[in-house]
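Below is one structure, written out as structure tokens; the observations come after it.
The values are calculated or read from the model by the stated rules, or taken from the named source; none is laboratory data. Please read all numbers here as calculations on a predicted model, not as lab measurements. Using ideal geometry, Cβ is built from the backbone for each residue, glycine included, and neighbour counts are taken over all protein chains shown.
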Amino acid sequence: MERKRTTEQPGAAAVSSTAFRPTPRATTAPGADPHPGSPPPPLRRALSTALRALRHAAPALLCYLAVRCTGLLLLSVWAHRRQHGVWPILATQWDADWYLGIADHGYARELGTAHNANNLAFFPLYPVLVKAVAALTPGTRASTGLALAVLASLVAAWGVFAVGDRLHGRRVGVLLTVLWAAFPVGLVQWMGYTESLFTAIAAWALYAVLTGRLLTAAWLAALAGLTRPTGIAVAAAVTVTALLALRRHFGLRTLAAAVVAPLGWCGYVGWVGLRLGRWDGYFAVQRLWHNELDGGRETLRMMRRLLVYDPAPRLFLVLVTLTLITSVVLFGLSVWDRQPVPLLVFTAVLLTIVLGSGGVYFPRARFLLPAFPLLLPVALHLSRATRRHRVLVLAAAVAGSAYCGAHMALVWPGAP
């Protein structure tokens with residue numbers, strides 16, 4: 001007996017080998033997945049994963065916003081009483097002005113002299129982003145730069161939380177984020193500077209290393225190398241980790257990670273040399289800014305003068321000095337706690353650059369702002385403390401950060 005021929009309708013269920021009656025077409029609600037048993041598309045799956053991660057990090061991000069809004073509120077009240085505008089402080093002064101100048105007019109073509117410092121000392125990723133985003137959005141480039149810094153600070157806070165959560169759990173991740181937000185010069189996170197962008201890239205690069213995605217970490221390290229001179233610290237963390245992995249097992253992706261990580265920093269330094277027509281062009285620019293490694297002699301000289309010989313040292317310089325000393329102590333505690341190698345390499349190289357420089361002294365606390373792994377020992381201790389002790393310490397840190405930020409912006413006469 002001849003079997004009846006059946007036609008399977010698109011979207012219908014599969015026809016059984018023993019049943020020849022066509023299956024009715026299934027009806028789905030608008031927007032529903034017509035194949036509920038099939039895996040979601042990659043974009044939808046990635047979006048779902050990102051939303052879950054964002055919900056997991058939400059307490060840390062809300063705490064971060066609370067800390068930074070507290071600092072901004074105090075700054076606004078203090079500035080109003082001094083009849084000083086907040087906008088110029090955050091968006092257009094000091095380094096922000098240099099970056100806006102690069103976005104407007106590009107880089108210098110000649111070395112110049114010490115009396116006309118060269119803008120080639122400033123790395124290109126942030127001003128390039130400011131120029132690109134400002135071309136597509138309303139408002140000035142100053143407002144664009146500030147908006148990018150604030151958005152980058154939220155991405156950085158998320159990355160800081162992700163590292164702490166990965167290593168020690170959600171509570172430590174939240175505490176680490178709050179401590180980073182309450183850094184003594186944390187106001188810089190919401191200024192037209194590169195610290196927030198650099199911390200965001202560094203934090204997610206370190207997270208990628210901790211989760212075994214070395215090539216992703218390497219590309220992020222290359223971006224960090226285009227953001228700040230200390231981007232070489234991120235590259236060192238990724239490259240050292242990749243080389244250690246190669247000793248255990250050879251892999252082309254691991255080898256590529258070791259090679260890619262320093263490309264951003266080396267590429268910009270090489271480009272400056274070509275632009276100025278001399279192999280040491282970038283280092284010649286740094287000499288104009290008096291930024292040369294001297295093994296820490298200038299750092300020790302300034303510390304001794306401020307803490308021993310100066311009868312009335314400026315409060316901000318004392319704050320910078322205490323931040324440097326505390327950072328060295330925290331690095332020792334990090335080694336004692338046996339932090340993962342990438343974190344130790346990152347903070348070690350960063351500390352070496354900041355402490356070993358013979359350049360200007362006052363911005364060095366800001367230079368250490370991206371070194372959030374140094375705060376892990378404190379976050380761990382607070383996670384084991386009583387709630388009362390934890391609240392008192394965090395409240396003191398937030399109040400101190402708010403005061404120091406306002407003092408830095410309104411009383412200290414120089415750049416942060």
>> If residue 117 meets every condition in (1) buried (at least 21 other Cβ atoms within 10 Å of the Cβ); (2) not in a helix (DSSP H, G or I) apart from one, which number is that one?
In response: (1)
> Which residues, counting only those in region 224-244, are surrounded by fewer than 24 Cβ atoms within 10 Å (Cβ to Cβ), among the aliphatic types (A, V, I, L, M) and within 11 Å of residue 342 (Cβ to Cβ)?
Replying inline: 236, 240, 244
>> Within region 47-67, take every residue that is surrounded by 11 or more Cβ atoms within 10 Å (Cβ to Cβ) and not hydrophobic (A, V, I, L, M, F, W, C) and give me the one that is farthest from the chain's Cα centre (by Cα).
In response: 48
>> I'd like the full set of residues that are more than 21 Å from the chain's Cα centre (by Cα) and surrounded by fewer than 19 Cβ atoms within 10 Å (Cβ to Cβ), limited to region 246-268.
In response: 246, 247, 248, 249, 250, 251, 252, 253, 255, 256, 259
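Can residue 136 be described as among the aliphatic types (A, V, I, L, M), farther than 16 Å from residue 66 by Cβ and in a loop (DSSP other than H, G, I, E, B)?
yes
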> So, in region 209-223, of the ones that are without any contact (Cβ under 8 Å) to a residue 40 or more places away in the chain and farther than 11 Å from residue 234 by Cβ, which residue ends up surrounded by the fewest Cβ atoms within 10 Å (Cβ to Cβ)?
Replying inline: 212
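Select the helices (runs of 4 or more DSSP H) contained entirely in region 314-416, then report the ones holding at least 1 residues which are touching a Cys at 6+ places or on another chain (Cβ under 7 Å).
Passing ranges, in order: 315-336.
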> Scanning region 238-275 for residues that are among the hydrophobic types (A, V, I, L, M, F, W, C) and in a loop (DSSP other than H, G, I, E, B), which turns out modelled with the lowest pLDDT?
Replying inline: 250
>> Give me the residue from region 139-154 that is small (Gly, Ala, Ser) and buried (at least 21 other Cβ atoms within 10 Å of the Cβ) and, out of that set, nearest to residue 64 (Cα to Cα).
In response: 153
> Would you call residue 284 more than 27 Å from residue 351 (Cβ to Cβ) and surrounded by fewer than 21 Cβ atoms within 10 Å (Cβ to Cβ)?
Replying inline: no
>> On the basis of being in a helix (DSSP H, G or I), more than 21 Å from the chain's Cα centre (by Cα) and acidic (Asp, Glu), does residue 104 make the cut?
In response: yes
>> Given the options 287, 278, name the one that is out of contact with any helix residue (DSSP H, G or I) (no Cβ under 9 Å at 6 or more places or on another chain), more than 22 Å from residue 199 (Cα to Cα), of a type outside the set (Val, Ile, Thr) and modelled with pLDDT under 95.
In response: 287
>> surrounded by 15 or more Cβ atoms within 10 Å (Cβ to Cβ), touching a helix residue (DSSP H, G or I) at 6+ places or on another chain (Cβ under 9 Å) and not charged (D, E, K, R): is that true of residue 315 in this structure?
In response: no
